[in-house]
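> Please read through the structure below; I'll follow up with questions.
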Amino acid sequence: MTGSPAVMAPADGPVAGAAPGPRPRRRRGVPQSLLGLAGLAALVVLVEILPRIGVLPREYFPPSSEIGRALADLVQTSEFWTSVGDTLQGWALGLAIASVAGVVLGILIGGSRFTREFTASTIEFLRPIPSVALIPIAVLLFGTDIESKLLLVVYASFWQVLIQVLYGVQDIDPVAQDTARAYGLGRWARVRYLTWPTALPYVMTGLRLAAAVALILAVTAELVIGNPGLGKLLATAQSSGAYATTYAIVVVTGILGVLVNLAFRAVERWSLSWHPSQRGELVV
Amino acid sequence: MSIVRRLGLTFGLPIILLAAWWFASANSTDFFFPPLSEILTALKDEWFGPRLLADVVPSVLRLLAGYAVAVVVAVTLGVVIGTSRTVRATLEPVLEFFRAIPPPVLVPIFLLLFGIGDGMKIIVIAFGCMWPILLNTVEGVRAVDSVLSDTARTYRITGTARLRTLVLPAASPQIYAGLRQGLSVAIILMVISELFAASNGLGFAVVQAQRSFAIAETWAGMLMLGLLGFLLAMLFKLVENRQLAWYHGLRRAQRSS
Amino acid sequence: MLDVRGIKKVYEGKGRTVEAVRDLTFTVDQGEMVCIVGPSGSGKTTLLKIMSGLLDPTAGEVLIEGKKVDGPPPGMAVVFQEYGRSLFPWMTVRENVELPLKQKKLPNARRKELVDESLSAVGLAEAHTAYPWQLSGGMQQRVAIARAVAYEPQVLLMDEPFAAVDAQTRADLEDLIRDIWHRFQVTTLFVTHDIDEAVYLGQRVLILSSSPTVVRQDLAIDLPDERDQLNTRSSPRFAELRAQVYSQIHRPKADAAEPVGAGATAVDGGASGYGAAPDLP
């Protein structure tokens, strides 16, 4: 969910004008990836030692070796993989619904100045409503069926997509817009050849943000409402005193989150490199 | 734009939506969808009545406390990490991992470690919402413009003066982006932390209402949460617009050129 | 005053090294106005960064009044080409000019005096409450110049300060620089890739080769001190000096490793061509 508003050129970018050949290369003794691995290793060691020497309560905070063992046991159970599947199913389904709705509504609303201004206040009001506010209603209406999970996931991730699409649609070059009109391109053709390509990188950014939020809400729903999935597995493990397993599941959710982030970042970078215009990301 | 047109644009759709809800639900006998009038009565009598002091205020105080801790810790750490390339490269994967953990899963864990008191809830909020702030600060500090940085160096602006006049302002658009993400995480955690173990609070009270099938009150609680989220977002925007006035002006200037 | 001795800079990359500056030695006297001109990609910016202490040389040293430069020295101000990026966008014009003075711990009254004086010297007395991004490019560069002047530097370094402004603004700013140099008697080093600009502004022009850089020629500009855009630029002497600088820059290197094929043909034609038509501006 990081954003980099393009306030100024990046620090390591080439100096415009008379830069002498290549800029000074980064001088480093150790490659960055190695340092990163060292950081992760240090975390593992720290979690191993701190509970053992009593800085952290051993009873509730197992050292990393125990968490690792619990994780190894966990991945051999079918229950675990079913849970992962359930979580990913809710995530993917919710994300898909939110994305389609966000893109379609975004293009419709963003298409004209009137619809943009007419909906602005409503969007401004609905967007900050925390999705967890829907939990009681979701439980009342759907119980632990997948719909309650989807309601939370869709609501939370929808705004991420919609807002980015709205930014993207507004980014259309007015000259290009006039050109398209002058050549008699119809409404649909303008959306197809002008609006969509302009908005695409924004859509990708929206998708990345939405994907992260969707995963959070999927797990949250399972944890709080009790829909099947990793969140429920975690709640069960915690309440039955299997603390090492609880931590192992937390690690798994973190890894899932990292994977989702990496995958969508790659897709986003691809869409950016494909796209001619470089732009600053808008964070909302 | 004329005032009438502006008012129409701002309030048109909300009024239409509310009216639609009002009339569609007016004679509702559906147990789960009570008339809006009942919901609003419950909102006034309960949430703006005794529950305001008993539940809403404690929730908001915990939220603010946790958020404040997160801001101080995350910005400080972010500046330190963002300044050194080595520290950044070492910690980045760890930070990315922590950020990727869905914050609500921390609640059951922190429950074990810190008990069920206010302290636990504040820690949960602080710990959960500090990652977006931290990572954005790191990114903002890292990306301080090279020419500005050289300018500061040639005028021998160093140490805390450099931090105050260069690094923090330059990173502030990024920091605010992180603060905004952090705020929405904080609200989520405020509610979630009260669902597990609490004797008061907004989240606690809404779930109580839901469990006792006080439907109108549940809907009203949802509205209350929405209202709180909206108000905090407005407040945030107010502060941000003041602090980042230069940035928005700069962006406009860059776009029109 | 400013002593540059045997400066060499080699950039170490992954698997390849680039020698940006080979061997540069020159001196600048107190109160002098010296222009450094070289083709794009000669180590002009590298040299300037080394002189301002922003970059360490691979070999050689820079001395200011006999003191070795290691890190940005006091009493030196730099005006960068990227005016849009060298001003603090979160500060007003006035705050931008005042910031280095605060850092110098000057008393309030003196700060105000210096800020007012330098802003009016660049013709921006009215604009001090504006933010830099509310100004045009030329005005932003004026602010940067005012900031440098208010700092009361012993040495003023300018790195292609007018490369990114339009032609008319550029002419105005050139005259502004001459004016400021006269008024404040500050030792000024002006880096540019524009031959006309170098000849027009300087008392001396240092002509650099393309990378790896050496000094081609140290040329005294014997134009009268009183210069103006119209008469100076159309004088025969100006054209001669300009042609001389041109031919030096485009002369192929002695150690033929340098691929200046295009330049080599341009030398004879170019130099004699300009010589034959001295009236061309």
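Please treat every number below as a calculation from the coordinates, not as lab data. Nothing here was measured: the structure is a model prediction, and the numbers come from that model. All Cβ positions, even for glycine, are placed from backbone atoms using ideal geometry, and neighbour counts span all protein chains on display.
> Need one number: the % of Cα-Cα pairs in chain C sitting beyond the 25 Å mark.
49 percent
> Same structure again: Which order do peptides A:198-206, A:214-222 fall in by mean Cβ count within 10 Å, highest first?
A:214-222, A:198-206
> Tell me, how many Å apart are the Cα centres for segment C:15-33 and for segment B:1-29?
71 Å
> If you project the alpha carbons of segment B:141-257 onto the principal axes, what extent comes out on each, in Å, largest first?
Principal-axis extents of the Cα atoms in segment B:141-257, largest first: 68, 34, 18 Å.
> Relative contact order for chain B using alpha-carbon pairs under 8 Å, separation at least 6, rounded to a whole percent?
24 percent
> Looking at the protein assembly as shown only, what percent of DSSP beta bridges run antiparallel? Nearest 5 please.
50 percent
> Could you pull out every one of the lysines with an alpha carbon less than 18 Å from that of residue C:44, ignoring same-chain neighbours closer than 8 positions?
C:8, C:9, C:253
> Now a separate question. How would C:36, C:207, A:53 line up from fewest to most surrounding beta-carbon atoms within 10 angstrom?
Fewest-to-most Cβ neighbours within 10 Å comes out as A:53, C:207, C:36.
> On to the next question. Please list B:7-19, A:174-186 highest first by mean number of surrounding beta-carbon atoms within 10 Å per residue.
With the highest mean Cβ count within 10 Å placed first, the list reads B:7-19, A:174-186.
> According to the square roots a ≥ b ≥ c of the eigenvalues of the Cα gyration tensor, what is the shape class of chain A, taking rounded for a/c under 1.5, prolate for a/b larger than b/c otherwise, and oblate for the remainder?
It comes out oblate by the Cα gyration axes.
> Could you pull out the longest piece of chain C with no exposed loop trypsin sites (Lys or Arg not before Pro) in it, calling a site exposed if DSSP puts it outside H, G, I, E, B and it has at most 11 other Cβ atoms within 10 Å?
Longest gap between qualifying sites, sites excluded: C:106-281.
> If you don't mind, another one. Can you give the helix-only mean residue ellipticity at 222 nm for chain B, where every DSSP H stretch with n ≥ 4 adds -39500 (n - 2.57) and the sum goes over all residues, rounded to the nearest 500 deg cm²/dmol?
-26000 deg cm²/dmol
> Take every residue in peptide A:32-43, count the Cβ atoms of other chains within 10 Å of its Cβ, and give the average of those counts.
5
> Could you work out the relative contact order of segment A:60-274, using alpha carbon pairs under 8 angstrom and six or more residues apart, expressed as a whole percent?
Across segment A:60-274, relative contact order equals 29 percent.
> If you take the charge dipole of chain A about its Cα centre, with +1 on Lys and Arg Cβ and -1 on Asp and Glu Cβ, which of A:41, A:229, A:202 is farthest toward its positive end?
A:202
> Below 8 Å, C-alpha to C-alpha, sequence gap of six or more: please give me the relative contact order for chain C in percent.
Result for chain C is 23 percent.
> Still on this structure, please answer the following. So what's the convex hull volume per residue for the Cα atoms of segment C:79-127, in Å³?
In segment C:79-127, the Cα convex hull volume per residue is 86 Å³.
> Principal axis lengths of the protein assembly as shown from Cα atoms, whole Å, largest first?
Largest first, the protein assembly as shown extends 99, 69, 57 Å along its Cα principal axes.
> Eigenvalues of the Cα gyration tensor times 5, then square-rooted: what semi-axes does that give for segment B:34-256, in whole angstrom, largest first?
With the √(5λ) rule applied to segment B:34-256, the semi-axes are 39, 21, 13 Å.
> Right, next: Let me have the 222 nm mean residue ellipticity of chain C computed from DSSP H runs of 4+ only, each contributing -39500 (n - 2.57), with the sum over all residues rounded to the nearest 500.
-12500 deg cm²/dmol
> Which loop trypsin sites (Lys or Arg not before Pro) in segment B:78-183, with loop taken from DSSP, have no more than 11 other Cβ atoms within 10 angstrom of their Cβ?
When the trypsin sites (Lys or Arg not before Pro) of segment B:78-183 are filtered for loop state and at most 11 Cβ neighbours within 10 Å, nothing remains.
> Using alpha carbon centroids, what distance separates segment C:84-142 and segment B:97-143, in Å?
42 Å
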